[in-house]
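Notes for the one structure printed next.
The values are calculated or read from the model by the stated rules, or taken from the named source; none is laboratory data. Being a predicted model, the structure only gives us computed values, none of them experimental. Cβ atoms come from the backbone with ideal geometry, glycine included; neighbour counts cover every protein chain shown.
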Amino acid sequence: MLARRTLLVGLATALLPRRASAQKPATPPRIGWLSAGSEPDLFLQAFREGLRELGYEEGRTVVLETRHAGGNLDVLSAAAADFARSQVALVVAAGIAARAARVITDIPVLFAISGDPVEGGWAKTLSRPGGNFTGSTFMSLEVAGKRVELLKQAVPRVRSVAALSNTDHPGEQSELRATEAVAQSLGIKLVYVAFSQSPFGSSPELDKALETIRRAQPDAMIVFPEGATFANRAHLARFAVAQRLPSMFGWSEYAVAGGLMSYGAKQRDIYKRLAVSADKILKGARPAELPIEQPTTFELVVNLQTARALGLMIPESLRLRADRVIE
């Protein structure tokens with residue numbers, strides 16, 4: 001009787017559904033990448049590198065859905081709206097794409113922007129953003145003043161500097177005040193030249209501002225880093241050389257495009273660091289309580305090709321301090 005009962009139990013067990021083997025593998029979380037630019041995307045590559053260093057395997061433990069607008073505002077807006085309706089776990093909005101991402105209200109959004117996220121309306125405070133947006137800002141008011149000092153060291157004869165600034169940039173006035181304070185302490189007259197322009201489309205406002213600088217005939221030019229000047233960095237570098245103006249910019253990409261110097265945060269490092277915040281959100285952290293990060297390391301880039309074109313001799317002490325010298 002015992003043997004018969006054991007046989008029946010065994011048959012019943014064998015006929016039960018094999019739940020463990022029938023279970024589907026867990027679906028990897030999906031991350032949306034929203035960019036106003038085009039591919040290849042160096043910042044996307046940096047973010048992917050950050051994910052890999054945290055142990056994520058794309059396609060197996062995480063899926064990236066990328067949208068590049070190629071400089072088209074309508075395409076960018078449509079991509080942001082598409083993500084707002086999607087089932088992605090979070091969205092990463094690169095640079096000016098953060099503006100289009102405002103339509104996303106129920107999904108965590110990570111941004112990396114050049115301006116002030118509080119003034120821009122993405123956060124209540126840097127320490128506690130309070131909504132579904134958090135991320136990083138490249139803005140550092142101390143760095144804004146440091147650019148004036150470095151320009152003066154490179155070209156000691158400088159007495160007047162044109163400051164080219166986009167008023168459409170959150171935090172622009174704070175950056176201007178920081179620049180003015182250091183310029184005044186060094187006996188430099190700052191010529192404020194403002195324009196208002198989106199990074200998309202033509203650049204009539206920017207061209208008008210450059211004509212103002214040409215007429216003012218300053219000794220040098222500082223360009224505040226943000227989307228419109230970044231998109232036109234090669235044009236600005238050519239203008240500076242044509243006008244015989246030593247130029248200081250905010251990020252290395254400006255110097256690579258032909259600017260004399262740049263000093264600011266390493267954008268690539270910022271995007272790589274965003275992967276850490278993405279990891280926290282995927283593990284349950286709320287964007288409202290994740291502090292917005294600010295840069296802590298900066299790089300000085302000197303373009304000696306441009307210096308030679310301007311007939312300048314960059315002091316050796318400054319060349320030795322540079323993190324990168326473009327020969």
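Taking every residue in the stretch 62-87 that is assigned by TED's automatic domain parsing to the domain that holds I107 and pairing it with any residue that is part of a loop (DSSP other than H, G, I, E, B) and charged (D, E, K, R), at least 6 positions away or on another chain, the pairs with Cβ-Cβ distances below 9 Å are T66/E39; T66/D41; H68/E39; H68/D41; G70/E39; A84/D106. Would you call S136 of a type in the set (S, T, Y) and surrounded by fewer than 20 Cβ atoms within 10 Å (Cβ to Cβ)? No. Against the test of being more than 22 Å from A231 (Cα to Cα) and either assigned by TED's automatic domain parsing to the domain that holds S247 or touching a His at 6+ places or on another chain (Cβ under 9 Å) (or both), the options L151, L164 yield a single qualifying residue, L151. May I ask you to verify whether T167 is hydroxyl-bearing (S, T, Y), within 23 Å of D207 (Cα to Cα) and touching a residue at least 24 places away in the same chain (Cβ under 8 Å)? So T167 fits the description; yes.
Among the criteria (1) surrounded by 19 or more Cβ atoms within 10 Å (Cβ to Cβ); (2) closer than 22 Å to F298 by Cα, the one A123 does not fulfil is (2). When we screen E58, E39 for residues that are of a type outside the set (S, T, Y), farther than 18 Å from P287 by Cα, surrounded by fewer than 16 Cβ atoms within 10 Å (Cβ to Cβ) and at pLDDT 95 or above, the only hit is E58.
It is to be established whether one or more residues within the stretch 44-62 are more than 15 Å from L110 (Cα to Cα), out of contact with any Gly (no Cβ under 7 Å at 6 or more places or on another chain) and β-branched (V, I, T). Yes, the conditions are met somewhere in the stretch 44-62.
Sort out which residues of the stretch 132-141 are within 17 Å of Q267 (Cα to Cα) and not in a strand (DSSP E or B), and write them in order of number.
Filtering the stretch 132-141 for residues within 17 Å of Q267 (Cα to Cα) gives 134-141.
Correct list: F138, M139, S140, L141.
Among the residues of the stretch 285-327, those identified as in contact with a strand residue (DSSP E or B) (Cβ under 9 Å, 6 or more places away or on another chain) and among the polar types (S, T, N, Q) are Q294, T296, T297, N303, Q305, T306. Checking the structure you have, find out if any residue of the stretch 238-246 is surrounded by fewer than 17 Cβ atoms within 10 Å (Cβ to Cβ), in contact with a Leu (Cβ under 8 Å, 6 or more places away or on another chain) and assigned to a loop (DSSP other than H, G, I, E, B). The answer is yes; a qualifying residue exists. For the stretch 207-215, the criterion of being under 24 Å from the mean Cα position of the chain (by Cα), modelled with pLDDT of 95 or more and either outside the structural domain of L42 (by TED's automatic domain parsing) or over 26 Å from M313 (Cβ atoms) (or both) is met by no residue. Looking only at the stretch 158-186, residues that are within 24 Å of Q243 (Cβ to Cβ) and among the hydroxyl-bearing types (S, T, Y) come to 4 in all. Against the test of being buried (at least 16 other Cβ atoms within 10 Å of the Cβ), within 26 Å of R321 (Cβ to Cβ), in contact with a His (Cβ under 7 Å, 6 or more places away or on another chain) and in the same structural domain as A307 (by TED's automatic domain parsing), the options E226, E175, E180 yield a single qualifying residue, E226.
List the helices (runs of 4 or more DSSP H) that sit entirely inside the stretch 266-327 and contain at least 1 residues that are of a type in the set (S, T, Y) and assigned by TED's automatic domain parsing to the domain that holds L245.
Working: elements: 267-282, 304-310, 316-321.
In the stretch 266-327, the matching helices (runs of 4 or more DSSP H) lie at 304-310, 316-321.
Selection over the stretch 209-232 of residues that are in a helix (DSSP H, G or I) and touching a strand residue (DSSP E or B) at 6+ places or on another chain (Cβ under 7 Å) gives a count of 6.
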